[in-house]
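A.B. asks: One structure is given below, represented as C-alpha cells, and several questions about it will come after.
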Protein chains: 2
Amino acid sequence: MKEIPYKIYLSEDEMPKAWYNLRADMKTKPAPLLNPGTHQPMAAEELAPVFCEELIQQELDNDTPYFPIPEEVYNFYKMYRPSPLVRAYCLEKALDTPAKIYYKFEGNNTSGSHKLNSAIAQAYYAKKQGLKGVTTETGAGQWGTALSMACSYFGLDLKVFMVKVSYEQKPFRREVMRTYGASVTPSPSETTNIGKKILADHPGTTGSLGCAISEAVEVAVSTPGYRYVLGSVLNQVLLHQSVIGLETEIALKKYDIVPDIIIGCAGGGSNLGGLIAPFMRDKILGKADYRILAVEPASCPSFTRGKYAYDFADTGMVCPLAKMYTLGSNFIPAPNHAGGLRYHGMSTTLSQLYHDGYMEAVAVPQTEVFKAAEKFARCEGILPAPESSHAIKAAIDEAEKCKETGESKTIVFGLSGTGYFDLVAYEKFHDGKMDDYIPTDEDLERSFKGLPQVE
Amino acid sequence: MKEIPYKIYLSEDEMPKAWYNLRADMKTKPAPLLNPGTHQPMAAEELAPVFCEELIQQELDNDTPYFPIPEEVYNFYKMYRPSPLVRAYCLEKALDTPAKIYYKFEGNNTSGSHKLNSAIAQAYYAKKQGLKGVTTETGAGQWGTALSMACSYFGLDLKVFMVKVSYEQKPFRREVMRTYGASVTPSPSETTNIGKKILADHPGTTGSLGCAISEAVEVAVSTPGYRYVLGSVLNQVLLHQSVIGLETEIALKKYDIVPDIIIGCAGGGSNLGGLIAPFMRDKILGKADYRILAVEPASCPSFTRGKYAYDFADTGMVCPLAKMYTLGSNFIPAPNHAGGLRYHGMSTTLSQLYHDGYMEAVAVPQTEVFKAAEKFARCEGILPAPESSHAIKAAIDEAEKCKETGESKTIVFGLSGTGYFDLVAYEKFHDGKMDDYIPTDEDLERSFKGLPQVE
C-alpha cells in the first residue's frame, strides 16, 4: 500500500481535459425549465436574450456526457489548478478517529473558492460570442470576485449586484472586485425597476440571492451587448464544476483510495454537484455504492424542509420556472453568515437525484458550523469559509460516529473556499454574539403559498 | 528542452530535509550582536532570558552549513509546502517581453505569507524547551497570524503586540489570530513601561516595529515561562526561511532553468534572505553569477539611504546592538501600507552581503507598487500583498528593460504573500487617495543622530 502524502497533487497532464455532464447518465432527467408565462419548456431561442448561446446549449443538453474544456479555459485552469486533495492527518489525530478524512481544497485562488471554475468558462463563452459585458449577482461575494477575475482576463465589462447583507458584512470583497475592474451595486438597489419594487414592498430588507438575480437579469436584457451569468443552480455551472470531482476521482485512484462517504455543502448546488459528479455516475450505473451527503444551513434548509416543486428562480419572477427543492421564491433567509448558502432553491439536477434517493441531506445550525470551522482551522491550518464549514461539520460528525463504532471509513469532503472575508462572522462567533436563525413551520408555509401553480 | 508547466510543484520526497545557513559560506561573517551596555559580543547565556535556547545556538552559529529540519516541523511543512514556483506566462504576455518570469509563491496558507516557515520552527523549539508561551510583535500582521497558527498547533500561549497603524488598517487580522487563540495588543500600549514612555514622548504615534519589539521583549523577560520570538531580521529566521530558496533551487534544476536575476522585497530581510540563500551561496563560491536585487519602500529605505552601523534593534533600546543598514532606531516611518517593510534596520547577514557588493538594492514609491500589484493581479489571478508587490514592481521593470534590449533574461522573484488583509490600502489606491511618503535628508540626519557610538 502506497504511503499517502499530506496533499495529493496531479501534474498538468493528469488534469481532466473535458467536463462531465452528469445528466447524461441520469435515469430520470432533471425536469426542464419552464416559460413562466406559458408553462411550456423553455426553448433555446427563448433563453437567448438572457444567457450566452453556447451556455444555453450546455444548459439544455441532457445527453452529451463530456464537453471538452476549451484551450483558453484550460490554460487559465493551469494557473490555479489542479487543486490539492488533502489528507486531514491532523484533524484525524485531534478527533482520535479511525476514519480517514480527505478534503478537496478549492480555496487557493484569489476568488477564494471553487467559483472560478465556472466563472472562467462563462466569461470565455461570453467573449467568444462577441459580447461587451455580463451582469450577475453575488451572495457572499465569492462568485462576484471569481467572475471579476475571469472578466478581467478576457477583457469583458462586469456589473455585479451583491446581496446587501454580504455587501455590508464584506466591504473588502468590493475592493477585490474593483481591483479586477468590476462595478458592484448592493441589492436590492434603486438602479432597477425590480429593485425599487422590492425595496417598496420590503423596506429595510437585507436582500437575497433571489432579489439580486432579478436585478442582474433586468440589466442584462435591457443593455445591448450584455448577458446574464449565474454562479450556481444551473446545469451549465454543475457541468463546469465537475472538474472538482474529476480531479478528486483521479487523485483517489492514484493512491487506490475508495471513499465511503462524500460530503459537500449545498446552497445552489455548484460545489456539491461538481464534487460528486463522477461518484454519482458510478452510483447511478451501479458500479459503486457511496453515501453522498448534502449539508445545508438550518436557516435555509431547501433539501430538508423545502418542497419539490416548480418555482421561480428569482424573487422578481422574471427567470424561467425550475423544478427543485425550494423554500419559495419569496423566502428571505435570516442573515446567516454563510451568504453563499442563502438561496431559496436548489439545482434541478441535484433535486432530482435527491428525490430519487441517490443522496442524503442534513441541516446544521450556524454556531455548530463555526465550532467545527475553528477546530478545523487549528488542526489543518486553513481558515475555512462558513459555507465550506458546513461540510466540515458533517465530516467531523461522521468521523466521530466512526470513533464510536470503530469503523475506519474513508470520508471525502469538499472544502470549497477560505474565510478571509468572513471575519465579521468569526468575530461574532468569538464574542458569543452569533445566533442560530431557524425558520418556523409558519414561515415556510407562508413562503410556500407563493409557489406557482404548474400542471 | 522540457515544456515548463504553469506551476512547478515538488513532491513530498523532493522537499528539502535541512535548512541552509548562508553564514557558513560567507567570506566575511556578519558582525556579531553586541551587549548594549558593554559593547562586547553577546554570549549565549546573555541572550537566554530573551530567546529560546536552541534558537540562540542557531543565531550564533556561523559555521554549520545545514541544520536538519525536525520531524515535527517537517510534518507541519507538508500541510502547506512545497509552495509552487509559478511561470508568469500571462504577465509575460501582457508585458510583451522576451523575459521569462517566475515567482515563488508563499501565500497559499492561512497566514498568507512565508512567515509560517519560521513561526512553526520557533514554536517547536519553544515547546521543546518546555515553555508556557511566547511574545512577539507584528507589523502587517502576517507574522502574528503565522505565529498564532504555529503556537496553536503546539499548544503554546501567545501574546502579540501589533503595530498600531496595522492594527487599525487590518482589524480582521486580529480575528484570525483570535481564531488561533492568541491575544493581540495594539502597540505602543499602556500595558508595558516602554509603551507608556513611547506614548508620552510621541503622543498619537502610529507605532513601529521597533516599538512593538521593545514591548514584546519587556513582557517576555518579565513573565516566567515566556520567551520572545521574532519574525524577521535575525539569523535564525533567515535560516528557517532558506526553505524558500532551497525549494526554488530544486524546482529550477528540475527543468534546467538558470536564473539571471533574483528579486525579493526587503523589510527586515526574512523573505529576501530565505529566497536568495542557495543562489547567494553559489555566487559567493564563484559557481554562478546571478544578479540579486533587494526592493524596499521609498518610505523606509534602509539599504539605499541608511547607514551601515551598529544600532539598536528596537526603539526602547533593550535588545542587543546589531550592525546593519539602518535608518536609526528612532526613525518612525510614515504609514506606508506595506506594514511588513516598515522596520528601520535590516538583517545583519544581508547587510554584510550588500556591503560586500554581492547584491543590489532599489527603493520604489508606494503608488508605483500598487500599479504593479494591480497589473499582476489581473494577469496572474493572485491578489498580492503590498510587501510582495515591491518585488513585482522591480520584476516588471526588469522585464521591460528586456523588452527594450531584446534580451530573454530569466527573472525569479519572491511573491511572499497575499493581500486579502490589505484592502484598505487597495481602496485608497483605487480612490486616488494614496500618498508617496518619502523621508527627507533632514529626517534621516535627525534619526542618524540616535545611533550608538561603537568603537
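The values are calculated or read from the model by the stated rules, or taken from the named source; none is laboratory data. Since the model is a prediction, treat every value here as computed from it, not as a measurement. FYI the Cβ positions are ideal-geometry reconstructions off the backbone, even for glycines, and counts take in every protein chain you see. What goes into the accessible areas is simple: the full protein's heavy atoms, side chains included, and nothing from ligands, DNA or RNA. Shrake-Rupley method; radii C 1.70, N 1.55, O 1.52, S 1.80 Å.
A.B. asks: Would you pick out the residues in the range A:411-446 that are touching a Lys or Arg at 6+ places or on another chain (Cβ under 6 Å) and either aromatic (Phe, Trp, Tyr) or open to solvent by 10 Å² or more (accessible area, probe 1.4 Å) (or both)?
C.D. replies: A:PHE421, A:HIS430, A:MET434 - these are the residues of the range A:411-446 that are touching a Lys or Arg at 6+ places or on another chain (Cβ under 6 Å) and either aromatic (Phe, Trp, Tyr) or open to solvent by 10 Å² or more (accessible area, probe 1.4 Å) (or both).
A.B. asks: Quick one: what pairs do we get from the range A:179-203, first residue within 14 Å of chain B (Cβ to nearest Cβ), second open to solvent by less than 20 Å² (accessible area, probe 1.4 Å) and in a strand (DSSP E or B), C-beta under 6 Å, 6+ apart or different chains?
C.D. replies: A:ALA182/A:LEU158; A:ALA182/A:VAL160; A:VAL184/A:VAL160; A:VAL184/A:MET162
A.B. asks: Right, another one. Of the residues that make up the range A:400-416, is at least one touching a residue at least 60 places away in the same chain (Cβ under 8 Å), closer than 29 Å to A:GLN236 by Cα and within 14 Å of chain B (Cβ to nearest Cβ)? Break it down stepwise before answering.
C.D. replies: First, pick out the residues of the range A:400-416 that are touching a residue at least 60 places away in the same chain (Cβ under 8 Å): A:400, A:402-403, A:406-416.
Now restrict to residues that are closer than 29 Å to A:GLN236 by Cα: A:411-416.
Of the ones still in play, those that are also within 14 Å of chain B (Cβ to nearest Cβ) are A:415.
Checked the range A:400-416: at least one residue is touching a residue at least 60 places away in the same chain (Cβ under 8 Å), closer than 29 Å to A:GLN236 by Cα and within 14 Å of chain B (Cβ to nearest Cβ).
A.B. asks: Among the candidates B:SER389, B:SER347, which residue alone is within 14 Å of chain A (Cβ to nearest Cβ) and not charged (D, E, K, R)?
C.D. replies: Numbers: B:SER347 fails: within 14 Å of chain A (Cβ to nearest Cβ).
Within the list B:SER389, B:SER347, the selection yields B:SER389.
A.B. asks: I'm checking my understanding of the structure. Among residues of the range A:121-145 that are of a type in the set (D, E, K, R) and touching a Phe, Trp or Tyr at 6+ places or on another chain (Cβ under 6 Å), which one is nearest to the other protein chains (Cβ to nearest Cβ)?
C.D. replies: Residue satisfying both the conditions and the ranking: A:LYS127.
A.B. asks: Within the range B:334-356, is there a residue that is in contact with a Gly (Cβ under 7 Å, 6 or more places away or on another chain), outside any helix (DSSP H, G or I) and open to solvent by 30 Å² or more (accessible area, probe 1.4 Å)?
C.D. replies: No, the range B:334-356 has no match at all.
A.B. asks: Just checking: which of the strands (runs of 3 or more DSSP E) contained wholly in the range A:1-108 hold 1 or more residues that are within 14 Å of chain B (Cβ to nearest Cβ) and open to solvent by less than 60 Å² (accessible area, probe 1.4 Å)?
C.D. replies: Per the criteria, A:85-87, A:100-105.
A.B. asks: Related question: A:THR179 versus (1) modelled with pLDDT under 95; (2) in contact with a strand residue (DSSP E or B) (Cβ under 8 Å, 6 or more places away or on another chain); (3) crowded, with 24+ Cβ neighbours inside 10 Å: which is the lone unmet condition?
C.D. replies: Among (1) modelled with pLDDT under 95; (2) in contact with a strand residue (DSSP E or B) (Cβ under 8 Å, 6 or more places away or on another chain); (3) crowded, with 24+ Cβ neighbours inside 10 Å, A:THR179 violates only (2).
A.B. asks: Output yes when any residue across the range B:419-430 is basic (Lys, Arg), within 14 Å of chain A (Cβ to nearest Cβ) and under 19 Å from B:ALA298 (Cβ atoms), and no when none is. Give the steps one after another, and end with the answer.
C.D. replies: The first filter runs over the range B:419-430 and keeps only residues basic (Lys, Arg), leaving B:428.
Imposing the further condition that a residue be within 14 Å of chain A (Cβ to nearest Cβ) reduces the set to B:428.
Keeping just the survivors that are under 19 Å from B:ALA298 (Cβ atoms) gives B:428.
Scanning the range B:419-430, I find at least one residue that is basic (Lys, Arg), within 14 Å of chain A (Cβ to nearest Cβ) and under 19 Å from B:ALA298 (Cβ atoms), so the answer is yes.
A.B. asks: Return only the number of the condition from (1) part of a strand (DSSP E or B); (2) aliphatic (A, V, I, L, M); (3) under 30 Å from A:GLU218 (Cβ atoms) that A:VAL362 does not satisfy.
C.D. replies: Exception for A:VAL362: condition (3).
A.B. asks: Within the range A:230-252, is there a residue that is assigned to a strand (DSSP E or B) and crowded, with 23+ Cβ neighbours inside 10 Å? Give the derivation first.
C.D. replies: Of the residues in the range A:230-252, the ones assigned to a strand (DSSP E or B) are none.
No, every residue in the range A:230-252 fails to be assigned to a strand (DSSP E or B) and crowded, with 23+ Cβ neighbours inside 10 Å.
A.B. asks: Examine the range A:214-225 for a residue that is under 17 Å from the mean Cα position of the chain (by Cα) and either within 25 Å of A:ASP289 (Cβ to Cβ) or outside the structural domain of A:PRO333 (by TED's automatic domain parsing) (or both), and state whether such a residue exists.
C.D. replies: If we filter the range A:214-225 for residues that are under 17 Å from the mean Cα position of the chain (by Cα), which is where we start, we get none.
There is no residue in the range A:214-225 that is under 17 Å from the mean Cα position of the chain (by Cα) and either within 25 Å of A:ASP289 (Cβ to Cβ) or outside the structural domain of A:PRO333 (by TED's automatic domain parsing) (or both).
A.B. asks: Quick check on this structure: which one of A:ASN330, A:ASN336 is within 30 Å of B:MET149 (Cα to Cα) and at pLDDT below 95?
C.D. replies: A:ASN336
A.B. asks: Pairs, please: C-beta under 8 Å, at least 6 apart or cross-chain, first residue hydroxyl-bearing (Ser, Thr, Tyr) and in the range B:63-92, second open to solvent by 30 Å² or more (accessible area, probe 1.4 Å)?
C.D. replies: What qualifies is B:TYR74/B:LYS17; B:TYR80/B:ASN108; B:SER83/B:ASN108; B:TYR89/A:ASN75.
A.B. asks: Which residue, of B:SER113, B:SER166, B:SER118, B:SER148, is surrounded by 24 or more Cβ atoms within 10 Å (Cβ to Cβ), more than 11 Å from chain A (Cβ to nearest Cβ) and closer than 21 Å to A:GLU427 by Cα?
C.D. replies: Working: B:SER113 fails: closer than 21 Å to A:GLU427 by Cα; B:SER118 fails: closer than 21 Å to A:GLU427 by Cα; B:SER148 fails: more than 11 Å from chain A (Cβ to nearest Cβ).
Testing whether each residue is surrounded by 24 or more Cβ atoms within 10 Å (Cβ to Cβ), more than 11 Å from chain A (Cβ to nearest Cβ) and closer than 21 Å to A:GLU427 by Cα leaves just B:SER166.
A.B. asks: Can you name every residue in the range B:93-110 that is in contact with a Leu (Cβ under 9 Å, 6 or more places away or on another chain) and touching a residue at least 60 places away in the same chain (Cβ under 8 Å)? Explain how you work it out, then say what you get.
C.D. replies: Taking the range B:93-110 and keeping what is in contact with a Leu (Cβ under 9 Å, 6 or more places away or on another chain), we get B:97, B:101-107, B:109-110.
B:THR97, B:ILE101, B:TYR102, B:TYR103, B:LYS104, B:PHE105, B:GLU106, B:GLY107, B:THR110 - these are the residues of the range B:93-110 that are in contact with a Leu (Cβ under 9 Å, 6 or more places away or on another chain) and touching a residue at least 60 places away in the same chain (Cβ under 8 Å).
A.B. asks: Only one of these is open to solvent by less than 20 Å² (accessible area, probe 1.4 Å), modelled with pLDDT of 95 or more and hydroxyl-bearing (Ser, Thr, Tyr): B:THR223, B:THR192. Name it. Write out each step before concluding.
C.D. replies: On the way: B:THR223 fails: open to solvent by less than 20 Å² (accessible area, probe 1.4 Å).
The conditions single out B:THR192.
A.B. asks: I've got another one for you. State which residue pairs qualify: first residue at positive phi and touching a residue at least 12 places away in the same chain (Cβ under 8 Å) and inside the range A:293-304, second residue of a type outside the set (Gly, Ala, Ser) and open to solvent by 10 Å² or more (accessible area, probe 1.4 Å) in any location, beta carbons under 8 Å apart, and separation of 6 or more residues or different chains.
C.D. replies: Note: no pairs meet the criteria.
A.B. asks: OK, next. Quick one: which of A:ALA363, A:ALA394 is under 24 Å from the mean Cα position of the chain (by Cα), closer than 24 Å to A:ASP282 by Cβ and away from chain B (no Cβ under 14 Å)?
C.D. replies: Working: A:ALA363 fails: closer than 24 Å to A:ASP282 by Cβ.
Step by step, each of A:ALA363, A:ALA394 is checked, and only A:ALA394 is under 24 Å from the mean Cα position of the chain (by Cα), closer than 24 Å to A:ASP282 by Cβ and away from chain B (no Cβ under 14 Å).
A.B. asks: (1) among the polar types (S, T, N, Q); (2) touching a residue at least 12 places away in the same chain (Cβ under 8 Å); (3) more than 26 Å from A:LEU156 (Cβ to Cβ): which one isn't true of A:GLN58, the others all being true?
C.D. replies: Unmet condition: (3).
A.B. asks: Right, something else. Output the number of residues of the range B:253-277 satisfying the condition of being buried (at least 22 other Cβ atoms within 10 Å of the Cβ) and assigned to a helix (DSSP H, G or I).
C.D. replies: 8
A.B. asks: Could I ask something else about it? Has the range B:308-319 got at least one residue that is polar (S, T, N, Q), modelled with pLDDT of 95 or more and either touching a Ser or Thr at 6+ places or on another chain (Cβ under 9 Å) or assigned to a loop (DSSP other than H, G, I, E, B) (or both)?
C.D. replies: At the first step, the residues of the range B:308-319 found to be polar (S, T, N, Q) are B:315.
Restricting the remaining residues to those that are modelled with pLDDT of 95 or more gives none.
Scanning the range B:308-319 turns up no residue that is polar (S, T, N, Q), modelled with pLDDT of 95 or more and either touching a Ser or Thr at 6+ places or on another chain (Cβ under 9 Å) or assigned to a loop (DSSP other than H, G, I, E, B) (or both).
Conditions tested, residue by residue: (1) at pLDDT below 95; (2) of a type in the set (S, T, N, Q); (3) closer than 28 Å to A:THR248 by Cβ.
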| residue | (1), (2), (3) |
| --- | --- |
| A:MET1 | yes, no, yes |
| A:TYR20 | no, no, yes |
| A:PRO30 | no, no, yes |
| A:ASN35 | yes, yes, no |
| A:GLU45 | no, no, no |
